[in-house]
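Report on the following structure.
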DNA sequence: CATTTAAAAGTTTTT
DNA sequence: CTTTTAAATG
C-alpha cells in the first residue's frame, strides 16, 4: 500500500484541524515525549486518540507498524481500526490495537518457549480459576466455609495484579488467613503451569516477567513501538502500569488518555494513582485538558458535575458546554422495584412517541440482579429489550462443556477441562473411576489425557481396573478425543465442534427433555455451531486455538449488537465509554448506589460516586433517576435505606420538581405482598411489523396474539427454532391451532390482559 | 453411579 | 428467590 500523496496528506491534516477544537488539536498534534490528556466525560477523547494516530502517520510519516494503541474493549479497537482505515485509506493491520489482555496474549504466543510453556496455552476465565481454587482447597483439606474460594481467588488475583508472586506473598504473609492463601496460591500456580494454562491475571503478569528475564525480547518491543497510546488510563492496575513503563522506556512517547472522575475499577486493582501521578512520574509530560463536553445538555452536565465535585481526591476540572439547558433531570419515586419498572416502562413508551426509539434508550443499574424486575415488566408489556452482561454466551454451561472438548484437544495437559468433561454427558465415570484413572496415570508417569487414550484398547492394562459402564464410556471418550486431537492442526474449528456435538448426540439428548430450558440450550448450541463454522481466524483457516483465545477474551460489550428497536439494559460498569440519548439510572438508593460497603469506607464511597457520575454522563438528551421506597431483597424481605445521598448532591434547579419528593418511608413498613404484575394501560404502542424484532420475541409463551381470521388467542406452545419456529395458539373457543411463526399473519396484542 | 429430592447457603461491579 | 450442595433413592 503506497503512502498517501503529498496533496492527500495535506488535505487530511486540514480535515483534522477543521474537525477539532483548539485543545483537542493540541493533543492530536503534540510531538514527542510523554503526553497526558485529561479528558472529561463526553469531551471527544476517542476522536482525539484516533486522530492522533492518523496525524502521526500523515504528518510525521510514522509507519502504523510502529504504533500501539490500547483500548478498553475489543469493539473499541475494531472501531478505531475501521475509522483509521477510512482516514488513511490504507490497511491498518500492521498496527497493534486491542485490549491489554489481547495484546498481551499476542506477545506471549510469540515467545512460548521463553516463558517456559511447552506447546500451547489455554486461558482460564474467572469460572475456571474458581474451580481450580475449589479443587485445591479440596485436595489440601481446607474448609471452603471458613475460607470462601471466591475470596481466596480474589486475594490471589489482587496479589498478581500488584505483581506480588508466591515467594513475596509468602514472605509478607501475616495472620492465619494470609498463610492459608499462601498455601493455595502456591498450589494454584503450580497447577496452572502443569496444565499449560494462564489465568486472566497471568496475561498481564507473564509479559512483565518475560521482559524482566529477557531484556533482548523487551528490546524487540520497546524499540518497535515508537508511539504508545492508552485509553481509559485511570483504570489501569499496577501490572499494566509497569508494562507500559517498560514498553515506553526506549522512546518515551507514551500518550495516556483518561479521567480520574471515571475510575471505577479500584476493586480489581486499578490505581487512580497512575493517572494522578503521571506528571511526577514523567516531569516533562505535556498535559492537555479537554473540558468541553459535546455530549450532554447543560442540565445533565450540571447535575453530574454537582455530584462528582463532592469527591475529595480528584484533579479539579470544570466541564462546560454551550448546549441548551434541555429537559430537566427527572427524579422518580417508586413504591417498590415492580413499580419502578412499570414507571420506567411507561416513560420509555412516552419518550418513544416523542422521537426516541427504543434503541436510543438505556436502563442502567448497579447490580445485575436488578434486571429481573425489568425483564418481567418489559416482557409482559411486549417491550422488546436486550441485556448486556450477566451470563455471557461463552460462559453458559452447555457452551463451556463443548468448548472444554476443544480445549482438551488443543492442549491435552488441561486437566481442569478434562475433568470437566470426563462425565459430561454422563458416561458412567464417577469419582471412583476418575480416581482409578488418576492413580494409573501417576503410576505410569503419563498424563490423564494419555490415560484416557489407553482406555481405547480392547484389553486395558491390569492396573486399570474399571467397571463395565465406565470402561465403555471411557473407551468412547478416548476415541473422540484421539480423533479431535488428530484433527486439531489442520481442520476447521467448525468441523471439530460439529463432530463433537454429533458424536455426543448432545442435541438429540436435549430434545428428549422437551423442556423450555433444554430448548434454550439447543438454541445456544446451534448458535455456537454457526459461530464456529463462520469463524475465520487471522489466516482465514479457522484455527481452533485462535478461536478459543478470542472467545475467552471477548468483553461483555463486544458481544452486544446495538441498533434495532430494542431497549438496552446493563450495569453501570458496562456503560463505560458508551452514550445514549436517553438514560435511566434505577435503584438510586443508599445501600445499592452507593453500595453498602461504600457507606462504611470513604474511598469506596468516592468510587460509588464516580460510578454514578459515569452513568449520568452517558446521557445526551434526557436523564431519569429512579428509586424505590422499599425493595425486595432475595428472601430476606424488604430493604431500602431510602434515597441515595448522591441524589441530594444534584443542584435542585436542574431537577424536575414535579416528581421529586424526598420524604422517606418509615423503615418498619411491612413488606407489601407481591402484587399482580402491573400493566400499562392503553393500546399497543409498538408496531412490530416495521421493527427488527424476531418472531421468537413477539410470539413468546403466554403472549396474546391476534389472527386476521380466527381472532385473538394465547401462545400456549412453541416448536422448533428460528425460521422453523411454529407456535400453538389457543383461541377463545378453546381450539388450538399451530402456525408457522413467519408469514402466519399473527400480530401481538399490546397490553390488554 | 445416576437421578431425584431436600436442605442450605449465598448476592457488586468484569478483563 | 435462586443456585448450589448434601443426602436419599433407584
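The values are calculated or read from the model by the stated rules, or taken from the named source; none is laboratory data. None of the values given here were measured: they were computed from a predicted structure. Methodologically, a virtual Cβ is constructed for each residue, glycine included, from the backbone with ideal geometry; neighbour enumeration extends over all protein chains shown.
For the stretch A:556-569, the set of residues classified as within 12 Å of DNA strand B (Cβ to nearest atom) and surrounded by fewer than 21 Cβ atoms within 10 Å (Cβ to Cβ) consists of A:556, A:557, A:558, A:559, A:560, listed by residue number. For the stretch A:215-235, the tally of residues that are in contact (Cβ under 8 Å) with a residue 40 or more places away in the chain and in contact with a helix residue (DSSP H, G or I) (Cβ under 7 Å, 6 or more places away or on another chain) stands at 12.
Tell me, yes or no, whether the stretch A:117-124 has at least one residue that is under 28 Å from residue A:8 (Cβ atoms), modelled with pLDDT of 90 or more and touching a strand residue (DSSP E or B) at 6+ places or on another chain (Cβ under 8 Å). No, the stretch A:117-124 contains no residue that is under 28 Å from residue A:8 (Cβ atoms), modelled with pLDDT of 90 or more and touching a strand residue (DSSP E or B) at 6+ places or on another chain (Cβ under 8 Å). Among the residues of this structure, residue A:50 does not count as one that is surrounded by fewer than 19 Cβ atoms within 10 Å (Cβ to Cβ) and either part of a loop (DSSP other than H, G, I, E, B) or touching a residue at least 12 places away in the same chain (Cβ under 8 Å) (or both). In this structure, does residue A:70 turn out to be crowded, with 22+ Cβ neighbours inside 10 Å and either modelled with pLDDT of 95 or more or over 25 Å from residue A:406 (Cα atoms) (or both)? Yes, satisfied. Select from the stretch A:192-227 the residues that are over 22 Å from residue A:248 (Cβ atoms), touching a strand residue (DSSP E or B) at 6+ places or on another chain (Cβ under 8 Å) and assigned to a helix (DSSP H, G or I) and list them in ascending order. Result: A:192, A:200.
To keep it simple, each residue is scored yes or no on (1) surrounded by 19 or more Cβ atoms within 10 Å (Cβ to Cβ); (2) away from DNA strand C (no atom under 16 Å from the Cβ); (3) at pLDDT 90 or above.
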site	(1), (2), (3)
A:619	yes, yes, yes
A:624	yes, yes, yes
A:629	yes, yes, no
A:636	no, no, no
A:639	no, no, no
A:643	yes, yes, no
A:647	yes, yes, yes
A:650	yes, yes, yes
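With respect to the stated conditions, residue A:139 fails to be at pLDDT below 90 and more than 16 Å from DNA strand C (Cβ to nearest atom).
The condition of being part of a loop (DSSP other than H, G, I, E, B), closer than 25 Å to residue A:485 by Cβ and within 16 Å of DNA strand B (Cβ to nearest atom) holds for only one of A:425, A:412, that being A:425. The set of residues in the stretch A:428-462 being within 16 Å of DNA strand B (Cβ to nearest atom), over 38 Å from the mean Cα position of the chain (by Cα) and not in a helix (DSSP H, G or I) consists of A:455, A:460. With respect to the stated conditions, residue A:80 is within 16 Å of DNA strand B (Cβ to nearest atom) and either at pLDDT 90 or above or buried (at least 20 other Cβ atoms within 10 Å of the Cβ) (or both).
The residues in the stretch A:376-393 that are in a helix (DSSP H, G or I) and either crowded, with 17+ Cβ neighbours inside 10 Å or away from DNA strand B (no atom under 14 Å from the Cβ) (or both) can be counted, and the count is 5.
For the stretch A:347-355, indicate whether the set of residues that are within 16 Å of DNA strand C (Cβ to nearest atom) and surrounded by fewer than 21 Cβ atoms within 10 Å (Cβ to Cβ) is non-empty. The answer is no, given that none of the residues of the stretch A:347-355 is within 16 Å of DNA strand C (Cβ to nearest atom) and surrounded by fewer than 21 Cβ atoms within 10 Å (Cβ to Cβ). Checked against (1) away from DNA strand C (no atom under 16 Å from the Cβ); (2) under 30 Å from residue A:236 (Cβ atoms), residue A:179 passes all but a single condition, namely (2). Taken together, the criteria exclude residue A:327 from residues that are touching a strand residue (DSSP E or B) at 6+ places or on another chain (Cβ under 8 Å) and more than 30 Å from residue A:656 (Cα to Cα). Of all residues in the stretch A:157-171, which are assigned to a helix (DSSP H, G or I) and in contact (Cβ under 8 Å) with a residue 40 or more places away in the chain? Residues satisfying the conditions are A:157, A:158, A:160, A:161.
Looking at A:403, A:413, just one residue is farther than 29 Å from residue A:593 by Cα and over 24 Å from the mean Cα position of the chain (by Cα), and that residue is A:413. Taken together, the criteria place residue A:588 among residues that are more than 20 Å from the chain's Cα centre (by Cα) and in contact (Cβ under 8 Å) with a residue 12 or more places away in the chain.
Return yes or no: is residue A:31 in a loop (DSSP other than H, G, I, E, B), farther than 22 Å from residue A:246 by Cβ and over 31 Å from the mean Cα position of the chain (by Cα)? Judged against the criteria, residue A:31 is a match. So for the stretch A:690-705 (the condition being more than 16 Å from DNA strand C (Cβ to nearest atom), at pLDDT below 80 and in a strand (DSSP E or B)), does at least one residue qualify? Yes, because at least one residue in the stretch A:690-705 is more than 16 Å from DNA strand C (Cβ to nearest atom), at pLDDT below 80 and in a strand (DSSP E or B). Hey, any hits in the stretch A:147-155 for a residue that's under 17 Å from residue A:419 (Cα atoms), assigned to a helix (DSSP H, G or I) and within 16 Å of DNA strand C (Cβ to nearest atom)? Checking the stretch A:147-155: not a single residue is under 17 Å from residue A:419 (Cα atoms), assigned to a helix (DSSP H, G or I) and within 16 Å of DNA strand C (Cβ to nearest atom). For first residues located in the stretch A:133-153 and without any contact (Cβ under 8 Å) to a residue 60 or more places away in the chain and under 15 Å from residue A:178 (Cβ atoms), partners that are part of a helix (DSSP H, G or I) and within 13 Å of DNA strand C (Cβ to nearest atom) and lie 6+ apart or on another chain with Cβ distances below 6 Å form the pairs A:152/A:133; A:153/A:130; A:153/A:133.
Taking the criterion of being within 16 Å of DNA strand B (Cβ to nearest atom) and at positive phi, the only residue of the stretch A:128-170 that qualifies is A:163. Annotation note: of A:27, A:41, the sole residue that is crowded, with 18+ Cβ neighbours inside 10 Å and within 29 Å of residue A:561 (Cα to Cα) is A:41.
A single entry from A:93, A:162, A:113, A:128 fulfils the requirement of being modelled with pLDDT under 90 and within 26 Å of the chain's Cα centre (by Cα): A:93.
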